[in-house]
Amino acid sequence: MPTECIAYNETGYFSTLMCDYLAEKSTLQPFYNRFPKLENFEAQIKEKQQSTLTDASQRSILVKALQGQYANVNTSESTLKNIQKVASENTFTITTGHQLNLFTGPLYFLYKIISTINLTKELKANYPKYEFVPIYWMASEDHDFDEICYFNYKGRKVRWNREASGAVGELSTEGLKEIFEVFAKELGNSNNAKELQSLFENGYVKHDNLTDATRYIANELFKEYGLVIVDGNDKALKQLFVPFVENELFEQTAFKEVTATANKLTEVDDSYKIQVNPREINLFYITKGIRERIIETDGVFTVNNTSVRWTKDQIQLEVKQFPERFSPNALLRPLYQEIILPNLCYIGGGGELAYWFELKSYFEAVNVTFPMVLLRNSAVVKTAKQSEKMEKLNITNRDLFLKREAFITKKVKELSAIEIDFTSQKEHLQQQFKDLYKLAEQTDKSFIGAVAAQEKKQLKGIRHLEKRLLTAQKRVLKDKVSRSTELQGALFPNNSLQERQLNFSELYLEYGSELIPTLVEHLQPLSGEFLVLEL
């Protein structure tokens with residue numbers, strides 16, 4: 001099965017921040033704990049062992065909560081054993097997180113979880129005296145329904161249209177039966193289509209809320225690999241978070257530390273984009289159908305867009321009595337996760353890692369171990385037929401990553417019988433003008449400006465001719481070039497990475513139950529490279 005690995009910084013699809021991180025640029029080192037290399041995990045384990053947050057009593061609370069969450073889930077023996085393993089002081093987790101996107105959302109959902117599973121395998125092989133458990137953290141408390149209410153299928157959106165408020169995990173699945181009926185017809189009648197239909201129906205039609213539906217689907221896809229799915233919207237787990245909620249309400253440590261760190265990050269390189277800006281209080285208040293920000297003004301705490309208000313003593317009592325009502329925002333959720341789990345490493349996309357880099361000093365201020373952060377695997381999957389077409393059209397894997405105009409220009413120049421590269425002519429012209437500059441200096445220096453203007457004019461003319469010739473050849477070679485761009489468009493839909501556009505169902509239709517095992521076989525989380533994979 002042919003594969004090729006390409007460095008992330010050679011793809012043109014990853015930010016300067018991510019490329020600098022992968023290159024272990026020294027100026028970024030203050031913003032993370034340890035770089036995710038195999039040999040660095042031992043020190044991370046030792047540091048995590050020293051934390052009071054991983055003691056036996058806290059592990060026991062976590063295990064009990066997970067057993068409760070899995071009470072009505074038909075999972076594997078591997079997953080049940082992994083839940084039980086968490087009670088042991090020699091067990092650690094590797095975690096990824098994702099929103100509750102309809103039918104898993106973009107393809108990279110699979111890559112995040114497979115990266116997590118494969119890293120636990122690699123760690124077990126190299127550190128056999130420890131146990132490592134893969135975790136998928138469901139973002140069940142998010143409230144941005146518009147981000148999760150659709151997935152792409154064959155170039156169009158399958159969308160769940162409804163009014164929504166509050167935490168998305170608590171949303172009723174009402175209305176998804178109608179979507180299932182339409183989607184099922186589009187899938188067709190193949191065996192693979194029937195498996196997808198069953199997965200969608202059993203997930204969304206036979207479960208009452210989005211959390212349970214998402215857990216069912218992720219469990220069905222990955223239970224054989226021992227994946228443990230965590231729902232943080234749990235009273236027992238929120239109880240562990242109470243001291244940090246109080247710190248957030250009364251000390252506002254996150255706001256101070258993250259603001260300072262974000263400023264330092266942009267001082268390193270002004271091209272680094274600040275992923276998230278902290279608020280004075282980074283907590284939401286959750287009740288039925290409501291998830292709104294908590295705001296403090298002159299010692300009075302209110303819930304945005306509601307009449308709810310407390311004094312300091314009243315909100316402190318509310319936190320102790322109803323910890324489940326206090327929900328961390330995107331900035332605070334990493335802290336909540338690291339408090340609950342005996343976690344060594346978080347695996348996420350570039351945007352996620354960018355906001356982790358803003359958090360290190362905050363973790364230090366509240367005395368919580370900062371995990372390693374690892375960029376998830378990325379891949380382009382192509383069929384054998386697409387590979388054959390690429391060979392006929394003389395398209396390399398690296399060509400696919402070119403932006404559309406650069407790709408077309410390259411193909412036209414390769415296909416054209418006429419030389420469309422005027423580099424030698426431009427160099428010859430520049431050499432001639434060097435001689436003219438010398439002559440001007442020896443005779444009348446006032447002519448230097450005129451020589452420079454003439455040089456600029458003639459170089460511009462040559463570039464214009466080159467551009468016109470290229471445009472003319474594009475017309476002549478339109479048919480051949482269009483076959484190339486059509487193929488690139490199939491693998492990079494909407495001029496974007498395949499993994500950000502496709503839903504896994506399109507690949508599952510083609511490869512069926514072999515899809516995930518094949519990806520598990522080839523994705524290597526510590527490789528630091530983008531995978532082009534022919535299936």
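The values are calculated or read from the model by the stated rules, or taken from the named source; none is laboratory data. Just so we're clear, the structure is a prediction, and the values are computed from it rather than from any experiment. When we count neighbours, we look across all protein chains shown, and the Cβ atoms used for this are built from the backbone with ideal geometry, even at glycine. These area figures cover heavy atoms from the full protein model, side chains too; ligands, DNA and RNA do not enter into them. Shrake-Rupley method; radii C 1.70, N 1.55, O 1.52, S 1.80 Å.
Among the numbered criteria (1) farther than 25 Å from Y285 by Cα; (2) within 25 Å of the chain's Cα centre (by Cα); (3) surrounded by 12 or more Cβ atoms within 10 Å (Cβ to Cβ), which one does R156 miss?
It fails just one condition, (3).
Would you mention how many residues in the stretch 488-508 are surrounded by fewer than 19 Cβ atoms within 10 Å (Cβ to Cβ) and in contact with a helix residue (DSSP H, G or I) (Cβ under 9 Å, 6 or more places away or on another chain)?
Adding up the residues that qualify gives 7.
Evaluate the following for K426: is it out of contact with any Lys or Arg (no Cβ under 7 Å at 6 or more places or on another chain), closer than 19 Å to K480 by Cβ, open to solvent by less than 50 Å² (accessible area, probe 1.4 Å) and at pLDDT below 90?
Taking the combined requirement at face value, the residue does not satisfy it.
Among the numbered criteria (1) surrounded by fewer than 21 Cβ atoms within 10 Å (Cβ to Cβ); (2) without any contact (Cβ under 8 Å) to a residue 60 or more places away in the chain, which one does N126 miss?
The single condition N126 does not satisfy is (2).
I'd like the full set of residues that are out of contact with any Asp or Glu (no Cβ under 7 Å at 6 or more places or on another chain), open to solvent by 20 Å² or more (accessible area, probe 1.4 Å) and either of a type outside the set (K, R) or over 20 Å from K235 (Cα atoms) (or both), limited to the stretch 59-71.
S60, I61, Q67, G68, A71
Taking T96 as the residue in question, decide whether it is surrounded by 13 or more Cβ atoms within 10 Å (Cβ to Cβ), on the phi > 0 side of the Ramachandran plot and either at pLDDT 95 or above or of a type in the set (D, E, K, R) (or both). Walk me through it before giving the result.
Values: surrounded by 13 or more Cβ atoms within 10 Å (Cβ to Cβ): yes; on the phi > 0 side of the Ramachandran plot: no; either at pLDDT 95 or above or of a type in the set (D, E, K, R) (or both): yes.
Judged against the criteria, T96 is not a match.
If we scan the stretch 212-226, do we find a residue that is within 30 Å of T91 (Cα to Cα) and open to solvent by 70 Å² or more (accessible area, probe 1.4 Å)? Please lay out each step first, then the result.
The first filter runs over the stretch 212-226 and keeps only residues within 30 Å of T91 (Cα to Cα), leaving 212-226.
Adding the requirement that they be open to solvent by 70 Å² or more (accessible area, probe 1.4 Å) leaves 224.
So far as the stretch 212-226 goes, yes, one or more of its residues are within 30 Å of T91 (Cα to Cα) and open to solvent by 70 Å² or more (accessible area, probe 1.4 Å).
Determine which single condition V133 fails, assuming it passes every other condition in (1) touching a strand residue (DSSP E or B) at 6+ places or on another chain (Cβ under 9 Å); (2) among the aliphatic types (A, V, I, L, M); (3) open to solvent by 50 Å² or more (accessible area, probe 1.4 Å).
The one condition V133 does not meet is (3).
In the list L353, L374, which residue meets the criterion of being within 16 Å of G97 (Cβ to Cβ), open to solvent by 10 Å² or more (accessible area, probe 1.4 Å), at pLDDT 95 or above and out of contact with any helix residue (DSSP H, G or I) (no Cβ under 6 Å at 6 or more places or on another chain)? I'd like the intermediate steps shown before the answer.
Numbers: L353 fails: open to solvent by 10 Å² or more (accessible area, probe 1.4 Å).
Criteria check complete, one pass: L374.
Mind checking which pairs have a first residue in the stretch 1-16 that is open to solvent by less than 70 Å² (accessible area, probe 1.4 Å) and a second that is part of a helix (DSSP H, G or I) and among the basic types (K, R), Cβ under 8 Å, 6 or more apart or different chains?
I6/R398
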